[in-house]
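What follows is calculated from the coordinates using simple rules that are stated; it is not laboratory data. Since this is a predicted model, take the numbers as computed values, not measurements. Heads up, the Cβs are rebuilt from the backbone with ideal geometry, glycines too, and the neighbour counts pull from every protein chain shown.
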Amino acid sequence: MLKVEHIRKSFGKNVVLRDISFSLKKGEVLSIIGSSGSGKTTLLRCLNFLETPQHGKVSVGGETVFDSEDESSRKESEIRKHRLHFGLVFQNFNLFPQYTVIDNIILAPTLMAKEQLRQHGFCKGADNMKQAQRMIRETAETLLQKVGLSEKSDAYPGSLSGGQQQRVAIARALAMEPDILCFDEPTSALDPELTGEVLQVIRGLKNTETTMIVVTHEIGFARDVADRIIFMDDGLIEEEGTPQQVIDNPHSARTREFLARFKQFGD
Amino acid sequence: MDQFWNVTLTLLEGFTQNCTIFLLTLVMAIPLGILLSFGSMSKFFPLKGFVRAIVWAIRGTPLLLQLFVVFYIPSLVWDISFNRMTAAMIAFVINYAAYFSEIFRGGMEGISKGQYEAGQVLGMKKSQIFFRIILMQVIKRIVTPISNEIITLIKDTSLARVIMVPEMLKVSERFTVQGLIWPLFYTGVFFLLFNGVLTLLFSFMEKKLNYYKG
């Protein structure tokens, strides 16, 4: 489903990603772990077109969405066309404070539907805006139910707890129906007692066969949910395999060192 | 009583000048300020440097001096003369645009990068991100500083008297030299009432915008 080849990214003289290649099957959950500065967040940002790698190629379902050799894949219009293959849930939610929960979710799909109706005359089986809007709202309500926040539909993000905000952010990302949903340390900005509810939602998504990439510091969670784990160190994939391989029987000394620090604190 | 009405009418006549400067400055300085703020945030260094230098010079010198410069210099150097009101307008608009531009810039730069990125990853266009997500948050941030500037503006309009615009303070001086002191305080009442209305208006707007936190 996803194929990432030889991604390289540096900021000025600071090389963040040296040479990253991996692939992902449909419905698979990949967890990326590693210490701060290892490049895992930058990798996610590259996949979501928030950063442009200097080198490398990314394809989704056989379609090339980024190729550093091909100048046209850096164009704004091309990026917009391809970026919706990916969804991203941010560390600090980034909900839109002036919109209610439901409006946060339907804003982007509504704008997209308007554009598609104007260009093609139809959008996902709807041929007028009213119909499209009804469908979008229904989807949004279903998603809110899925993340357990139906009763907060008309609340503003500022009145929600961090955990609730992150669950809304997950629903908002899902509303665009991405092929691959990425999470950038989704629980790092939360109080410890709120991480459970967010992890629960991500766990629930795994059961619906959503393809996911989760950058996380929650080693226990990664072991639980991930089908595959990548341990990144200094811009390279140091170790890759099933949770049993990477977490329980790491081969690399760097991986062992990293995991030892977590075990010391009891996960 | 006759004297009271006489003074009231004369001051009102002067106050229309203040109000004219006030309204025209607002209408022109706000768009110009927005333009300047984009200039001062430009990635094109010469433009950014140029705009920031102008803003620095305008904010760093007295409005009084700027009024003198606009009114006297063109006629002395190039033999062009503006009428008094035009000169006052030019000075006021440029001066207030510089202040407004800094407020707009602060408002824009205060919005976290995450808001833009959230819009981007949801497939929104740059213009949609600006108008649907950023603008409202900027407005909420700048209402208080902008209202401070606007309240200062109506009071500043009386500076136009230095280039002989017959604004309210200028005309009330006529009474003072005749030995009549109270009209001077009376002018204060005009400003107080005007700003009272403005204050109510702004607090209403702030309350309206307080429907969300953040």
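Straight-line cross-link reach from A:LYS26 at under 13 Å between alpha-carbon atoms covers these aspartates and glutamates, not counting any fewer than eight positions away in the same chain: A:ASP179, A:GLU209, A:ASP227. Highest-first packing order for the peptide set B:28-39, A:221-232 is A:221-232, B:28-39, based on the mean count of other beta carbon atoms within 10 Å. Farthest toward the positive end of the dipole of the protein assembly as shown, out of B:ILE139, B:LEU159, B:PHE50, is the Cα of B:LEU159, where the dipole comes from beta carbon charges about the Cα centre.
Most tightly packed first, judged by the mean number of other beta-carbon atoms within 10 Å of their residues, the peptides B:4-10, B:98-104, A:46-52 read B:98-104, A:46-52, B:4-10. Think of segment A:92-240 as having a plus end and a minus end, set by charges on the Cβ of Lys, Arg, Asp and Glu; of A:TYR99, A:LEU117, A:THR210, A:LEU117 sits farthest toward the positive end of this dipole. For B:VAL51, neighbours were defined as the other residues whose beta-carbon sits under 15 Å from its Cβ, and their charges (Lys and Arg +1, Asp and Glu -1) total +3.
Counting DSSP beta bridges in the protein assembly as shown, what percent are antiparallel, to the nearest 5? Taking every DSSP beta bridge with both residues in the protein assembly as shown, the antiparallel ones total about 55 percent.
Counting only Cβ charges, +1 for Lys and Arg and -1 for Asp and Glu, the dipole size of the protein assembly as shown around its Cα centre is about 720 debye. Charge dipole (Cα centre; +1 on Lys/Arg Cβ, -1 on Asp/Glu Cβ; no other charges) of segment B:1-85 amounts to roughly 620 debye. Look at the dipole of segment B:2-209 built from charges on Cβ: of B:ILE150, B:PHE71, B:PHE100, the Cα furthest out on the positive end belongs to B:PHE100. Axis of helix B:84-109 versus longest Cα principal axis of chain B: the two differ by about 30°, to the nearest ten degrees. Given R0 = 60 Å, the distance between the Cβ atoms of A:SER35 and B:LEU24 translates into a calculated FRET efficiency of 0.50.
Judged by the mean number of other Cβ atoms found within 10 Å, the most tightly packed of the peptides A:181-187, B:128-134 leads the ranking A:181-187, B:128-134. Normalising by residue count, chain B has a Cα convex hull of 145 Å³ per residue.
Counting Cβ atoms of other protein chains within 10 Å of each residue's Cβ and taking the mean over peptide B:121-131 gives 6.
The mean count of C-beta atoms from other chains within 10 Å of the C-beta of residues in A:93-102, rounded to a whole number, is 5. Counting only alpha carbon atoms, the long axis of helix B:63-73 and the longest principal axis of chain B meet at about 70°.
Averaged over the residues of peptide A:112-118, the number of Cβ atoms from other protein chains lying within 10 Å of each residue's Cβ is 1. Ranking of B:TRP182, B:TRP78 by neighbouring Cβ atoms within 10 Å, starting from the fewest: B:TRP78, B:TRP182.
Structure shown: which of A:LYS40/B:LYS213; A:LYS81/B:LYS208; A:LYS57/B:LYS126; A:LYS114/B:LYS113; A:LYS124/B:LYS43 lie over 30 Å apart, alpha-carbon to alpha-carbon? From A:LYS40/B:LYS213; A:LYS81/B:LYS208; A:LYS57/B:LYS126; A:LYS114/B:LYS113; A:LYS124/B:LYS43, over 30 Å: A:LYS40/B:LYS213; A:LYS81/B:LYS208; A:LYS124/B:LYS43.
Cβ crowding within 10 Å, taken as a proxy for footprinting-reagent exposure, orders B:ILE90, A:ILE247 from fewest neighbours to most as B:ILE90, A:ILE247. Simple point charges give the picture: +1 on the Cβ of Lys and Arg, -1 on the Cβ of Asp and Glu, and for segment A:6-115 a dipole about the Cα centre of about 280 debye.
Placing a pseudo-label 7 Å from each Cα along the Cα-to-Cβ vector at A:HIS120 and A:PHE11 gives an inter-label distance of 3.7 nm. Applying the Karplus relation 6.51 cos²θ - 1.76 cosθ + 1.60 with θ = phi - 60° to segment A:220-226 yields 3J(HN,Hα) values of x, 5, 4, 5, 5, 9, 6 Hz, where x marks Gly and Pro.
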